[in-house]
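I have placed the structure first, in the form of structure tokens, so that the comments after it can refer back to it.
The values are calculated or read from the model by the stated rules, or taken from the named source; none is laboratory data. On a predicted model such as this, the values are computed, not experimentally measured, just so you know. Quick reminder, even Gly has a Cβ in these numbers, built from the backbone with ideal geometry, and neighbours come from all protein chains shown.
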Amino acid sequence: MLKFVLTKIGMAALVALTVSFISFILLFMAGDPAIAIAGEGASGEVIAAIRSQYGFDRPLLVQYVDWLMRALSGDFGMSYYFKAPVSGMIAERLPVTMTIGFLGMSFALLLAIPMGVLAAAFPNTLIDRLALGIAVVGQAIPSFWFGLILIVVFSVNLGWVPASGTRQWTGYVLPMIVLGYYATPAIMRLTRAGMLEVLSADYIRTARAKGIKPRRVLFKHALRNAIIPVVSLAAVQLGFMFGGSVVVETIFALHGAGYLAWESISRNDLPTMQALILIFAMFYIAFTFLADVLNAWLDPRLRTV
Amino acid sequence: MTHTATPVLSIRNLTIDLPKGGDRPHAVSNLSLDIHEKEILCIVGESGSGKSITSFAAMGLLPKILKPSAGEILFEGRDVLKLSEAEHADLRGSRMGMIFQEPMSALNPCYTVGNQIEEVFEAHAQMSKAERRARTLALLKEVRLPDPERLYHAYPHQLSGGQRQRIVIAIALAMEPRLLIADEPTTALDVTTQAQILDMFKALKESRKAGILFVTHDFDVVAELADRVLVMQKGLVVEQGTAEQVLNNPSHPYTRMLIDAVPKRHGVKGNPDMSTPIALRVAGIEKTYSTARTMFKPARKVHAVKPTDFTVLEGQTLGIVGESGSGKTTLVRCLMGLVEPDEGSVWIGSSRLETTTAAGRRDFRKHIQIVFQDPYGALNPRRKIGDLLIEGAVNFGVPRSQAMEKARALLKIVRLEEDALDRYPAQFSGGQRQRISIARALMVEPKILIADEAVSALDVSVQKDVLKLLDDIRKAVGLTVIFITHDLRVAAEISDHILVMSKGEVVEYGTVDDVFGNPQHSYTRQLLAAMPGRGWEAPDMAAPGPADAAR
């Protein structure tokens with residue numbers, strides 16, 4: 001198991017390096033950053049001056065290594081637009097995004113997995129139909145619409161929670177529900193499908209032949225096997241929540257990293273974009289790594305590299 | 001044999017309904033049987049006879065759609081059909097244990113073997129952790145597994161099929177049940193492993209005070225084990241009696257038909273004609289699988305097929321026998337051009353087949369065709385039989401209409417109706433599908449037909465038909481057949497020569513009578529010794545049975 005973890009760490013590091021290089025290059029291909037900084041209608045001399053001032057006239061590889069070295073020490077440079085250090089802005093914004101991401105995923109898992117297990121344990125019953133209904137609605141409603149409805153009902157009419165901001169912890173409740181509900185249908189359906197398949201497996205019959213009680217068969221023998229694909233899916237979705245919570249952050253006026261990403265893209269703020277892409281990619285890589293390790297712990301057959 | 005004690009299990013007039021719209025109303029109807037202590041009762045029948053359903057009903061493991069509608073299953077004096085699920089669960093694993101057909105999937109891949117055995121004690125007994133562990137290790141020893149301490153911590157995927165089946169048996173034996181139900185427990189195992197497991201059952205009958213219900217389709221296994229036999233057909237008991245009676249003096253026509261279909265243990269063809277020309281020559285074929293060394297693991301080499309030479313004479317049948325992992329399948333893939341051999345050459349008559357290029361290997365398929373083991377997986381379920389049949393011929397340039405004509409003619413040869421061309425594979429039974437597969441193979445007029453375990457998945461009566469069909473076609477069109485099988489009886493029945501493989505090597509080659517009558521290699525002798533039911537030879541059914549007169 002230790003060898004497995006070390007191998008996976010090594011592979012994750014290689015992937016991270018590749019991703020950092022690709023994300024760096026991609027932004028240069030999107031257009032000349034010097035022209036973007038200089039603004040519309042700037043003269044050739046100004047652009048040339050900016051190019052040498054920011055070091056864009058150096059070979060690409062040199063720029064990459066330089067950027068990477070500084071990024072590793074936490075220095076992502078100055079934002080062109082906000083005129084502030086990128087790392088400071090990210091340090092301020094990221095906790096908000098991480099909080100709603102983790103809360104949203106916990107909400108999704110706590111709702112989806114029990115529903116999926118119950119739906120599979122009692123297929124084609126009222127419970128199954130109800131779970132399916134919840135999933136279909138979650139899949140059909142757009143996040144921004146669902147968020148607005150929640151605000152109208154719980155903030156405006158009932159006044160239970162604030163509609164925006166994070167000054168109180170209650171400000172996180174609605175974003176958590178919106179973000180989590182969005183991830184629920186896929187996890188629920190994968191859990192249900194996995195459980196249904198596993199419950200017809202031979203080893204479940206063996207467990208029943210041993211005289212194991214139904215609940216234990218369900219949770220000890222079936223769930224552990226059925227949950228493996230769910231772990232992989234949840235890791236991807238969590239990564240998506242970190243990078244793609246722009247909509248939710250906008251609706252609830254939360255100044256998170258997703259919102260910052262949207263701002264920097266619309267203003268062509270290269271250092272901020274590069275830093276965020278790198279950080280979001282690192283989250284994906286970290287979650288995938290954790291999912292692999294968790295799955296290997298769940299199923300010994302996955303421990304071979 | 002008289003029993004004074006009450007039977008361990010007594011089934012009275014049991015009827016189990018099938019869901020409406022099936023081919024018959026009852027899965028099992030009006031079945032009665034008794035099993036006593038220290039007795040092995042074998043239920044024999046073909047697929048769909050209701051033999052497994054009977055055993056599942058006793059365990060309370062029937063699928064939800066099957067409901068017992070009449071009768072009772074008395075176990076230790078109580079009718080288990082009237083028990084609640086929780087009460088039945090208390091009996092399962094403690095008073096009654098079950099062993100299943102498929103050892104590869106019968107254990108949970110996520111837990112250690114030790115954990116899965118101990119779970120039985122956790123469910124049914126008050127024991128300390130140390131005591132559970134000690135009992136588990138003792139059980140592993142009792143089912144004759146090597147190194148119990150190590151196996152205790154092993155996961156199922158680290159064990160072979162035979163070892164896994166021993167674990168399942170250990171689980172069933174853990175609480176010393178009075179009733180042991182085994183549903184085809186050796187069908188998925190190699191013959192030598194099967195022999196060891198059957199030996200274990202014989203020992204258990206003596207060492208434990210259990211009654212054993214053994215479900216099987218194999219009359220050799222019956223001959224090896226049974227005290228009493230019950231024959232089922234389409235949910236009905238057609239014959240019941242002592243092993244001696246049923247095996248040697250069967251009275252019901254169905255039993256007689258089944259026993260007649262068991263292949264004979266000796267060659268039936270007589271000495272082959274050695275004067276015919278050579279159809280296929282294999283010279284030094286060799287295949288090694290190797291994985292390159294990577295950053296994370298060392299290189300590995302497996303000699304799947306060591307240098308192999310043999311010839312097959314025109315119009316004859318070569319039987320290739322061996323256990324799983326012996327290299328039969330890799331050899332066949334090399335012959336089919338599905339795998340590129342590392343060394344050696346294949347000659348058809350006097351022309352050498354190109355093995356090094358993909359185009360050359362494609363050429364193989366005009367000359368050599370194959371029928372695979374699994375009749376259910378071998379035909380694309382979404383294509384009509386006609387399309388499936390002509391695909392190969394059209395691929396080699398035959399016009400469509402001409403190919404269709406040929407397909408029609410071949411269907412007649414494999415004894416299927418012409419309208420089969422417009423139907424889908426799902427509409428045919430296993431035996432019929434295997435006939436279609438044979439017709440498909442013959443479409444490109446190959447010189448050589450390979451049958452890779454082509455009858456292993458079929459019931460014994462269907463198996464007999466398909467074997468006969470293959471042999472008739474061989475005679476009619478002068479086909480040369482290579483017949484791969486793990487079943488020595490089948491090999492003896494159909495072959496002129498036998499080639500025995502073990503660990504990628506040919507260890508013995510000769511005529512059927514030589515190999516079976518006077519085996520030279522120790523592995524061949526071991527294989528023959530492992531055949532179950534060696535004390536029994538299927539009686540000749542041509543002679544009228546004693547009950548025919550009374551009927």
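The table for this structure:
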read-out: Residue count, the stretch B:252-275 (criterion: under 19 Å from the mean Cα position of the chain (by Cα) and closer than 20 Å to B:Leu528 by Cβ); value: 4
read-out: Residues that are of a type in the set (A, V, I, L, M, F, W, C) and part of a loop (DSSP other than H, G, I, E, B), drawn from the stretch B:108-136; value: B:Cys110, B:Ala125, B:Met127
read-out: Test for A:Val161: is it of a type in the set (Val, Ile, Thr), modelled with pLDDT under 95 and either under 17 Å from A:Ala119 (Cα atoms) or surrounded by fewer than 21 Cβ atoms within 10 Å (Cβ to Cβ) (or both); value: yes
read-out: Inter-residue pairs, beta-carbon under 7 Å, first under 28 Å from A:Met11 (Cα atoms) and in the stretch B:296-321, second modelled with pLDDT of 80 or more and not in a strand (DSSP E or B), 6+ apart; value: B:Phe296/A:Thr7
read-out: Filtered residue count, the stretch B:422-459, keeping only those that are within 18 Å of B:Cys334 (Cβ to Cβ), of a type in the set (Asp, Glu) and in contact with a His (Cβ under 9 Å, 6 or more places away or on another chain); value: 1
read-out: Scan of the stretch B:487-529 for residues that are farther than 21 Å from B:Arg281 by Cα, in contact (Cβ under 8 Å) with a residue 24 or more places away in the chain and in contact with a Leu (Cβ under 9 Å, 6 or more places away or on another chain), ordered by number; value: B:Leu488, B:Val490, B:Glu493, B:Phe516, B:Leu527, B:Leu528
read-out: Given (1) of a type outside the set (S, T, N, Q); (2) outside the structural domain of B:Lys468 (by TED's automatic domain parsing); (3) touching a helix residue (DSSP H, G or I) at 6+ places or on another chain (Cβ under 7 Å), number of the condition B:Val321 does not satisfy; value: (2)
read-out: In the stretch B:99-134, residue farthest from the other protein chains (Cβ to nearest Cβ) [restricted to those that are more than 19 Å from A:Pro214 (Cβ to Cβ) and among the β-branched types (Val, Ile, Thr)]; value: B:Val113
read-out: Selection count where residues are closer than 18 Å to B:Leu469 by Cβ and free of Cβ contacts under 8 Å to residues at least 24 places away in the same chain, scope the stretch B:397-424; value: 6
read-out: Some residue of the stretch A:194-204 being over 20 Å from A:Phe242 (Cα atoms), part of a loop (DSSP other than H, G, I, E, B) and modelled with pLDDT of 90 or more; value: yes
read-out: Odd one out for B:Ala154 among (1) among the small types (Gly, Ala, Ser); (2) part of a loop (DSSP other than H, G, I, E, B); (3) more than 14 Å from chain A (Cβ to nearest Cβ); value: (3)
read-out: Residue count for the stretch B:248-280, restricted to those that are touching a strand residue (DSSP E or B) at 6+ places or on another chain (Cβ under 7 Å) and within 27 Å of B:Thr54 (Cβ to Cβ); value: 5
read-out: Residues of the stretch B:57-97 classified as among the charged types (D, E, K, R) and either free of Cβ contacts under 8 Å to residues at least 40 places away in the same chain or at the interface with chain A (Cβ under 7 Å from one of its Cβ atoms) (or both), total; value: 8
read-out: Of residues in the stretch A:171-202 being farther than 19 Å from A:Trp145 by Cβ and buried (at least 23 other Cβ atoms within 10 Å of the Cβ), the one nearest to the other protein chains (Cβ to nearest Cβ); value: A:Met195
read-out: Residues located in the stretch A:255-278, provided they are hydrophobic (A, V, I, L, M, F, W, C) and in contact with a Ser or Thr (Cβ under 6 Å, 6 or more places away or on another chain); value: A:Ala257, A:Met273, A:Ile277, A:Leu278
read-out: Residue list for the stretch B:496-530, filter: assigned to a loop (DSSP other than H, G, I, E, B) and either of a type in the set (Phe, Trp, Tyr) or buried (at least 18 other Cβ atoms within 10 Å of the Cβ) (or both); value: B:Asp496, B:Gly504, B:Pro519
read-out: Within the stretch B:336-355, considering residues that are in contact with a strand residue (DSSP E or B) (Cβ under 6 Å, 6 or more places away or on another chain) and not in a strand (DSSP E or B), the one farthest from B:Ile473 (Cα to Cα); value: B:Asp342
read-out: Qualifying residue in the stretch B:163-172 (condition: over 30 Å from B:Asp540 (Cβ atoms) and in a loop (DSSP other than H, G, I, E, B)); value: no
read-out: Scope the stretch A:263-281; condition closer than 14 Å to A:Phe24 by Cα and in a helix (DSSP H, G or I); matching residues; value: A:Leu270, A:Pro271, A:Thr272, A:Met273, A:Gln274, A:Ala275, A:Leu276, A:Ile277, A:Leu278, A:Ile279, A:Phe280, A:Ala281
read-out: Subset of the stretch B:356-370 [in contact with a helix residue (DSSP H, G or I) (Cβ under 8 Å, 6 or more places away or on another chain) and not aromatic (Phe, Trp, Tyr)]; value: B:Arg365, B:Ile368, B:Gln369, B:Ile370
